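Student: Sharing a structure, written as structure tokens. Questions coming.
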Amino acid sequence: MPFFLMENITKTFNLAAEEVQVLKGINLEINRGEFLAIMGTSGSGKSTLMHLIGCLDVPTSGRFVLDDREISHLSDNELSLIRSRYIGFVFQNFYLLPYATVLENVSLPTLYDEKKTDNKKKRVIELLKQVGLEDRMGFKPSQLSGGQQQRVAIARALVNDPELILADEPTGQLDDKTSREIMSILSKMHQNGKTVVVVTHDADVAGYAQRLIRITDGMICDQTL
Amino acid sequence: MNRPANLFSQSIKATFAFKLRAFFCIISVALGVASIVIIVAAVEGAYKKAFDIVEMFGPDAVIIVGGNDEARAVGGNKDKTITLEDVKAVRESFACAYVVVPVSMVGMTTVFHRDRKERTFIIGSDHNYSRAWSWPVVSGRDLAKEDVKRMKNVALIGRYLADELFEDKDPVGKYLFAGGLPIRIAGVLKERGTTPRGHNMDNRMVVPISTAMRKMQNEKKYVSMLRVRFIDQNNLEFHVEELRMFLRQRHRLHEGEPDDFMIISPKEIIKFLVALTGSLVLFIGIAGITTLVVAGFVLANLFLLSVKERTREIGIRRAVGARQQDILFQFLGESVILTTAGGLLGFVTGFFSSKLLVFVAQFPICFSWKAFAAGIVMSWAVGIVSGLQPALHAARLNPIEAIR
Ligand SMILES: Nc1ncnc2c1ncn2[C@@H]1O[C@H](COP(=O)(O)OP(=O)(O)OP(=O)(O)O)[C@@H](O)[C@H]1O
Ligand SMILES: [Mg+2]
């Protein structure tokens, strides 16, 4: 059984009068420790798929298994718990809390984690060291560069030690050099045993992955190893 | 740290992060709570004052004075309506009254002892005077039935008069002169102090009513007032009505004619006090409630605005594992923290402005935990009521909508 399995997943949005089917039968397996890239034209449904993988949203139909657990029909609370246990998100626009410091931003997921671990703060500092921001702990996001903000976001995604890192165009706002820095951090996480999924428009970024899938019009049309 | 503490710390952080919102919330709640606090303290103060006054007056007692407001305005002798016969009749007919005491006001008179003199208030009454006012005789003896019967020249004097005329010597058995009469001091009344209006209760002399009427006032029939105390103070109102009917009948008043006497009971006193404080309390009360309701609406809107502004934040929190109720409690926590801060500020404001009120208007104010509790409870109520809808809105946001 793969770590992650989607069978015949569809997603339909109800917009005013019309229904828009964004995902039209996705079949996808992701193995533990894999590094997967997803590409596709704008509006093809990549982000929608990411949100489903990350349990931020539920599919309209289809089967969905994570770590041997059927999760397509879980309650909102149970999905929140899965997000806090299994998933770390990295977004294109970083999505940090503007009024919180770097330290507080990275700590955010620990507030909603039921696990009792005493060394949360130590772990936060350890992660900030890994992304090279241990001297910026008291800064506000607005005092950081884009690359630094994205590194904070990566540290935040890792703080609850999730198995799955989902990055939706993590380098979309960054220049080439910074993009390479961010991708090398994500690669390092992959080497440390994380399962990483990256959505990107950039072939160079996709090049870091072990496997690439392409989405066109809500369907997976191409898989390259 | 456990989850509620985590959420609370987030609420506090956000409270400080959005300073303008905090400022408006705190000020608007503080204004409303300040007035509520003043009201509670004023009501308590009025009650306490009324209670003190009733306690001093005698909760089981009434006073019947001759005449009425109308007669007094016209002037003349119309306030002479209560007779010694009335007193006797009341005493005989009302078994439920344990004290029925007539009083004659002789008025301010200069009294002499050797080379000393002092103006004092002379009252005529009977052997029950001390009992009728719960005013014990602390040295010497009380007036006796015999003193009244025989029209004796004896007196009880107040502490102040005793000190002025006799200094540190014992006045009992000594003589003073009042209106040419030599009067022997029988006893001294316990010290009672000065009334809030500045009337010195201890500058007085009480002589047998017969002596006062015949020898000082040249009066055979009328007394100034009548003091009655009832055994059963719970039925006082009923007794007052009975007494009124009884006197009307004796005075042969026809239906429709006004009373030619006034019965002052503790209830009258409380009515008077309530009328005095009531209008101010009502005014501040309406102002306070209005302010709080307005504050509630302002708050609800501010919070909703804040939630809309922070949609992204909510999406982020949901993405990293926050449940709906975590969001709900965080936002509700923020509103309650803000209104509580407003409540505390309001209490302090109310406390000091009521001190000012006491200073400017001699308004009776009494601060206790009740005023504090009322302020805090009101601020929580406003916080929860106005914060709930925005917080629910925040909690129910679809995470993917919030994060797009
Ligand atoms: N919550 C929503 N409600 C309605 N329509 C939506 C919603 N989310 C996405 N869509 C629609 O679904 C389609 C796919 O959107 P999605 O964001 O998944 O595309 P994408 O592949 O990530 O595009 P991009 O590369 O521009 O980010 C779009 O047409 C979009 O308008
Ligand atoms: Mg997208």
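The values are calculated or read from the model by the stated rules, or taken from the named source; none is laboratory data. What you see is a predicted model; the values in this text were computed from it and never measured. Cβ coordinates were reconstructed from backbone atoms using ideal geometry, including for glycine residues, and neighbour counts include every protein chain displayed.
Student: Taking the stated definitions as given, is A:LYS121 within 11 Å of chain B (Cβ to nearest Cβ) and free of Cβ contacts under 8 Å to residues at least 24 places away in the same chain? Walk me through how you get there before you give the answer.
Tutor: Working: within 11 Å of chain B (Cβ to nearest Cβ): yes; free of Cβ contacts under 8 Å to residues at least 24 places away in the same chain: yes.
So A:LYS121 fits the description; yes.
Student: Listed residues A:VAL58, A:VAL106, A:VAL102; which is of a type in the set (Val, Ile, Thr), more than 16 Å from ligand 2 (Cβ to nearest atom), touching a His at 6+ places or on another chain (Cβ under 9 Å) and within 30 Å of B:SER11 (Cβ to Cβ)?
Tutor: After applying the criteria, what remains is A:VAL58.
Student: Check off (1) assigned by TED's automatic domain parsing to the domain that holds B:ILE38; (2) under 23 Å from the mean Cα position of the chain (by Cα) for B:VAL294 and give me the number that stays unchecked.
Tutor: (2)
Student: A further question follows. Taking the criterion of being within 26 Å of B:GLN10 (Cβ to Cβ), away from chain A (no Cβ under 14 Å) and in contact (Cβ under 8 Å) with a residue 24 or more places away in the chain, would at least one residue in region B:349-367 satisfy it? Even if it seems obvious, please write down each step before you answer.
Tutor: Looking only at region B:349-367, we keep the residues that are within 26 Å of B:GLN10 (Cβ to Cβ), and these are none.
Checked against the condition, which is being within 26 Å of B:GLN10 (Cβ to Cβ), away from chain A (no Cβ under 14 Å) and in contact (Cβ under 8 Å) with a residue 24 or more places away in the chain, region B:349-367 yields no hits at all.
Student: For the list (1) surrounded by 15 or more Cβ atoms within 10 Å (Cβ to Cβ); (2) within 16 Å of ligand 2 (Cβ to nearest atom), I need the number of the one condition that A:GLY43 fails.
Tutor: A:GLY43 satisfies all of (1) surrounded by 15 or more Cβ atoms within 10 Å (Cβ to Cβ); (2) within 16 Å of ligand 2 (Cβ to nearest atom) except (1).
Student: Let me ask something else. Sort out for me the helices (runs of 4 or more DSSP H) sitting completely within region B:318-404 that have 1 or more residues that are farther than 21 Å from A:LEU108 by Cβ. Let's see the steps before the verdict.
Tutor: On the way: elements: B:324-361, B:369-396, B:399-403.
Ranges flagged: B:324-361, B:369-396.
Student: Six or more apart or on different chains, Cβ under 8 Å: which pairs go from a residue in region A:28-49 that's without any contact (Cβ under 8 Å) to a residue 60 or more places away in the chain to one that's within 16 Å of ligand 1 (Cβ to nearest atom) and part of a strand (DSSP E or B)? Could you list them?
Tutor: A:GLU29/A:MET6; A:THR48/A:LYS11; A:THR48/A:VAL22; A:THR48/A:LEU23
Student: Name the one entry in A:ASP168, A:ASP217, A:ASP202 that is within 13 Å of ligand 1 (Cβ to nearest atom), within 14 Å of another protein chain (Cβ to nearest Cβ), over 27 Å from A:LYS122 (Cα atoms) and not polar (S, T, N, Q).
Tutor: Sole residue among the options that is within 13 Å of ligand 1 (Cβ to nearest atom), within 14 Å of another protein chain (Cβ to nearest Cβ), over 27 Å from A:LYS122 (Cα atoms) and not polar (S, T, N, Q): A:ASP168.
Student: Looking only at region B:1-35, which residues are basic (Lys, Arg), within 11 Å of another protein chain (Cβ to nearest Cβ) and in contact (Cβ under 8 Å) with a residue 12 or more places away in the chain?
Tutor: Looking only at region B:1-35, we keep the residues that are basic (Lys, Arg), and these are B:3, B:13, B:19, B:21.
Filter again for within 11 Å of another protein chain (Cβ to nearest Cβ), leaving B:3, B:13, B:19.
The answer is B:ARG3, and nothing else.
Student: Could I ask something else about it? Within region A:156-176, restricting attention to residues that are at pLDDT 95 or above and among the small types (Gly, Ala, Ser), which residue is nearest to ligand 2 (Cβ to nearest atom)?
Tutor: Going through the qualifying residues, I end up with A:ALA167.
Student: Please note which helices (runs of 4 or more DSSP H) are completely contained in region B:89-189 and include at least 3 residues that are within 30 Å of B:LEU243 (Cα to Cα).
Tutor: On the way: elements: B:129-132, B:145-149, B:159-166.
Counting at least 3 such residues, we get B:129-132, B:145-149.
Student: Being closer than 25 Å to A:ILE30 by Cβ and in contact with a Lys or Arg (Cβ under 6 Å, 6 or more places away or on another chain) is the requirement here; does A:ILE165 meet it?
Tutor: Working: closer than 25 Å to A:ILE30 by Cβ: yes; in contact with a Lys or Arg (Cβ under 6 Å, 6 or more places away or on another chain): yes.
Against the criterion (closer than 25 Å to A:ILE30 by Cβ and in contact with a Lys or Arg (Cβ under 6 Å, 6 or more places away or on another chain)), A:ILE165 qualifies.
Student: Looking at (1) free of Cβ contacts under 8 Å to residues at least 60 places away in the same chain; (2) surrounded by 15 or more Cβ atoms within 10 Å (Cβ to Cβ); (3) within 14 Å of chain A (Cβ to nearest Cβ), find the lone condition where B:GLU309 falls short.
Tutor: Condition not satisfied by B:GLU309: (2).
Student: Among the numbered conditions (1) under 14 Å from the mean Cα position of the chain (by Cα); (2) closer than 17 Å to A:ASP222 by Cα, tell me where A:SER47 comes up short.
Tutor: (2)
Student: Moving on. Scan (1) closer than 24 Å to A:SER187 by Cβ; (2) within 16 Å of ligand 2 (Cβ to nearest atom); (3) basic (Lys, Arg) for the single condition A:ARG32 breaks and write down its number.
Tutor: For A:ARG32, the exception is condition (2).
Student: If we only count helices (runs of 4 or more DSSP H) wholly inside region A:18-117, which ones have 2 or more residues that are more than 10 Å from chain B (Cβ to nearest Cβ) and in contact with a helix residue (DSSP H, G or I) (Cβ under 8 Å, 6 or more places away or on another chain)?
Tutor: Details: elements: A:46-53, A:76-86, A:102-111.
Those helices (runs of 4 or more DSSP H) span A:102-111.
Student: Go through B:VAL223, B:VAL228, B:VAL206 for me and flag whichever is crowded, with 20+ Cβ neighbours inside 10 Å and under 18 Å from B:ILE157 (Cβ atoms). Full working, then the answer.
Tutor: Numbers: B:VAL223 fails: under 18 Å from B:ILE157 (Cβ atoms); B:VAL228 fails: under 18 Å from B:ILE157 (Cβ atoms).
Just one listed residue meets the conditions, B:VAL206.
Student: Also, I was wondering about something else. With the requirement that a residue be among the aromatic types (Phe, Trp, Tyr) and in contact (Cβ under 8 Å) with a residue 24 or more places away in the chain, what does region B:237-255 give you? Step through it out loud before you land on a result.
Tutor: Of all residues in region B:237-255, those among the aromatic types (Phe, Trp, Tyr) come to B:238, B:246.
Selection gives B:PHE246 alone.
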